[in-house]
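Shown next, in structure tokens, is the structure this report addresses.
Bear in mind that the values in this text are calculations on the coordinates, not laboratory data. All figures in this text were calculated on a predicted structure; none of them were measured in a lab. Reconstructed Cβ throughout: ideal geometry from the backbone, glycine too, with neighbour counts over all protein chains shown.
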Number of protein chains: 2
Amino acid sequence: MPIHFADRLAAAIDRKRTPAVVGIDPVVERLPESMRGRDPDPQAGAAAIEKFSAAVIERVAPLVPAVKINSGFFEVYHEHGVAAYYRLVALAHSCGLLVIGDVKRGDIGSTAALYARGHLTAAGDERRIPDAVTIGGYLGRSGVDEFVRAARISGRGVYVLVRPSDPTADVIHEFGESRRLYQHLAQLVSEWGDATELRGACGLSLVGAVVGPKDAAGTAALRAMMPHTPWLVPGYGAQGAAAAATRACFLPGGTGAVINASRSVIYAYEDPRHMVRGAAWEDCVVAACREFAAEAAALAGISGAG
Amino acid sequence: MPIHFADRLAAAIDRKRTPAVVGIDPVVERLPESMRGRDPDPQAGAAAIEKFSAAVIERVAPLVPAVKINSGFFEVYHEHGVAAYYRLVALAHSCGLLVIGDVKRGDIGSTAALYARGHLTAAGDERRIPDAVTIGGYLGRSGVDEFVRAARISGRGVYVLVRPSDPTADVIHEFGESRRLYQHLAQLVSEWGDATELRGACGLSLVGAVVGPKDAAGTAALRAMMPHTPWLVPGYGAQGAAAAATRACFLPGGTGAVINASRSVIYAYEDPRHMVRGAAWEDCVVAACREFAAEAAALAGISGAG
């Protein structure tokens, strides 16, 4: 039996002393000038974002437990981008990183079984398959079950979208009277992952949740509803009210959540704070990643980061 | 300015005298024995489902206005399957069909913009891009807007998931007290597509909805909430209560909806009713498609089908 996803992630967080995850969201227009391909030719575009992403992954690998690779940025280039996505998953694994495939797939049972096969258990080179993927639960239990089954047999995990951080999602997620849709989803996701056989030695389930920390009280209430659910937290904040909401994502002991930052790290060379004295773009990324890793560790209350 | 998606679809339905759409959901295990590849090798698997799908598309092209190609079945084979998906879109176009890419993508604004670019407006060979794609609206307005913008400039369309036909989706979609989530989504999708500049000469919007006809009264109520929204209808029924619910999907005059059938057509050779006297598998598919096209026309009240 492969080692449970939550246990592998906990061990990686422990090794790196931070729950920080770097998000790989590459667009040609924002690459360092030396790395821009001849977009919009799909092969050149895909090659450019792959080369950049590979350099970022290699540089951040010593500093964080995992990267999150966002499929949307690669699908722009059709099969060329998809091939790059899978090669980058393999590269990240060979650098000792865990990989979250941010694919946000979801469908009803029979089609979900195919998505789960492609994204979590496809035969062939194991290194090409992420350790977890993001999925939507909106099409119901049968679809989620297929992903959970695939994750269980392969020692992988899923993060179900529960509360987006984007304010334009409120029109959907604040829906409901005695209870909001995101609270309803949180309860379902907690139940879907609650069975003992879905939990690792660390106590956490392979069924996780994507939860944007919109406010401290609401986040704490969701956290209480999901005691065994690992969270993937986008849109984190390091200051003030945002920091309080992000702190509420963790379980006691600083476990139970990873925090993602994408553009603030991978495009750090656009930030005059990092881009000083003709620094190489890679060094700016490393500096921003170090800072992010330390911030995330502090929010989780993990000591010895850095 | 390209011709509006809803007008192109209406013209195709008028030409073929049926609102029937054949769904391309190929799995190696169910292919005619002569066509099975050496699965699970990804290249052989992708080649097998591509060859089968191409033969189905060529045979059904004279009989229906459009095909719906389900991305999940191709993503099993990673970049090899994705390349096959895009080649099949191009093939269907060259056979005179419209294509709905059943990709069910959805994300917040900035990532949705990338998905929209890849799936609706990618530069390069126009024939490789579907005429419409299915999307989820669950991550809010900003993501949907990106798809709508891409569809508008390219004469394409989107179908937003509103009411799944799968019963295990009820736990999500029957949520809500004075109003159910699917009714809330229906209202939003109707509003998102209501602007005059999003509507074609036929009056219908480029913002459509995926609506499973679960019951006649509920379907009629949704139809009344969405007078300008073209529907993509999965899980249709030709008899009894299911037929009444499917009839309720159409606007007066039999417009406003296309009906999808996948496995009952593409695997017709598994059905003893079609597989008689050593018929070729392709002929079974054609016979089942003819029957489906006539049934769908009858449900819509379109005369002269077949």
Once both labels are modelled 7 Å past Cα along the beta-carbon direction, what's the A:Ala201-A:Arg273 spacing in nm?
3.9
Note to self, chain A gives a 222 nm [θ] from helices alone (DSSP H runs n ≥ 4, -39500 (n - 2.57) apiece, / all residues, nearest 500) of -13000 deg cm²/dmol
Hey, with R₀ at 22 Å, roughly what FRET efficiency would B:Met1 and B:Ala55 work out to, going by the Cβ-Cβ distance, to 0.05?
0.05
Relative contact order as a percentage, the stretch A:35-178, C-alpha pairs under 8 Å and 6+ apart, gives 19
Nm distances between the label at A:Asp170 and the same-position labels in the remaining copies, 7 Å along Cα→Cβ, shortest first?
3.3
So what is the orientation-averaged projected area of the stretch B:86-131, using the convex hull of its C-alpha atoms, in nm²?
3.1
Quick one: P(r) of the stretch A:40-180 from all Cα-Cα pairs, 10 Å bins, percents rounded to integers, in order of increasing distance.
12, 36, 34, 16, 3, 0
Counting alpha carbon pairs within less than 8 Å and at least 6 residues apart, what relative contact order, in whole percent, applies to chain B?
20
Evaluate peptide A:65-75: per residue, the Cβ atoms of other protein chains within 10 Å of its Cβ; return the mean as an integer.
4
Enumerate the amide H contacts of A:Arg36 below 5 Å, restricted to partners 5 or more residues apart or on another chain; note that Pro and chain-start residues carry no placed amide H.
none
Provide, in order from the shortest bin, the percent of all Cα-Cα pairs of the stretch B:142-294 in each 10 Å bin, continuing until the bin that contains the maximum pair distance.
11, 34, 30, 18, 6, 1
In bins 20 Å wide, starting from 0, what share of all Cα pairs of the protein assembly as shown does each bin hold, as a percent?
21, 54, 23, 2, 0
Any idea what the A:Val276 label distances to the other copies are, label 7 Å down the Cα→Cβ vector, nm, shortest first?
8.4
Cα-derived Rg to Rh of the stretch B:5-299, Kirkwood definition:
0.96
Span per principal axis, largest first, for the Cα atoms of the stretch B:38-89 (Å):
34, 18, 14
Would you tell me the mean number of C-beta atoms belonging to other protein chains that fall within 10 Å of each C-beta in B:79-89, as a whole number?
4
Compute the distance in nm between two label points, each set 7 Å from the Cα along the Cα-to-Cβ direction, one at B:Arg127 and one at A:Asp170.
4.8
Stretch A:Arg263-A:Asp41 to full length: gain in nm at 0.36 nm per residue minus the Cα-Cα span?
77.5 nm
How long are the semi-axes of the equivalent ellipsoid of the stretch B:106-209, defined as square roots of 5 times the Cα gyration tensor eigenvalues? Whole Å, largest first.
25, 16, 12
Which ³J(HN,Hα) values, rounded to whole Hz and listed in residue order, are derived for the stretch B:258-264 from phi using the Karplus coefficients 6.51, -1.76 and 1.60 in 6.51 cos²θ - 1.76 cosθ + 1.60 with θ = phi - 60°, glycine and proline given as x?
10, 10, 9, 10, 10, 5, 5
Return the sequence-ordered ³J(HN,Hα) values of the stretch B:178-191 in whole Hz as given by the Karplus equation 6.51 cos²θ - 1.76 cosθ + 1.60 applied to θ = phi - 60°, using x for Gly and Pro.
5, 8, 7, 4, 5, 6, 4, 4, 4, 5, 4, 4, 4, 5
Once you charge only the Cβ atoms, +1 for Lys and Arg and -1 for Asp and Glu, what is the size of the charge dipole of the stretch B:5-299 about its Cα centre, to the nearest 20 debye?
540
Taking 7 Å along the Cα-to-C-beta vector as the label spot, tell me the A:Ile153-B:Arg149 distance in nanometres, rounded to one decimal.
4.3
Take peptide B:112-124, look around each residue's Cβ out to 10 angstrom, count Cβ atoms belonging to other protein chains, and average those counts.
5
For the stretch A:186-249 and the stretch A:250-306, what is the separation of their Cα centres, given in Å?
21
If the only charges are +1 at each Lys and Arg Cβ and -1 at each Asp and Glu Cβ, what is the size of the charge dipole of the stretch B:163-246 around the Cα centre, to the nearest 20 debye?
160
Taking the stretch B:231-301, the whole-percent share of alpha-carbon pairs separated by over 14 angstrom is 58
Enumerate the amide H contacts of A:Ala20 below 5 Å, restricted to partners 5 or more residues apart or on another chain; note that Pro and chain-start residues carry no placed amide H.
A:Ile259
Amide H partners (placed H, <5 Å) of A:Val210, local residues excluded
A:Val160, A:Leu161, A:Val162, A:Arg163, A:Leu232
Short version: ³J(HN,Hα) in whole Hz for each residue of the stretch B:284-298, in order, from phi by Karplus 6.51 cos²θ - 1.76 cosθ + 1.60 (θ = phi - 60°), x for Gly and Pro, what are they?
5, 4, 4, 4, 5, 5, 4, 5, 4, 4, 5, 4, 5, 5, 5
Unit charges on C-beta of K, R, D, E only; dipole of the protein assembly as shown, Debye:
120
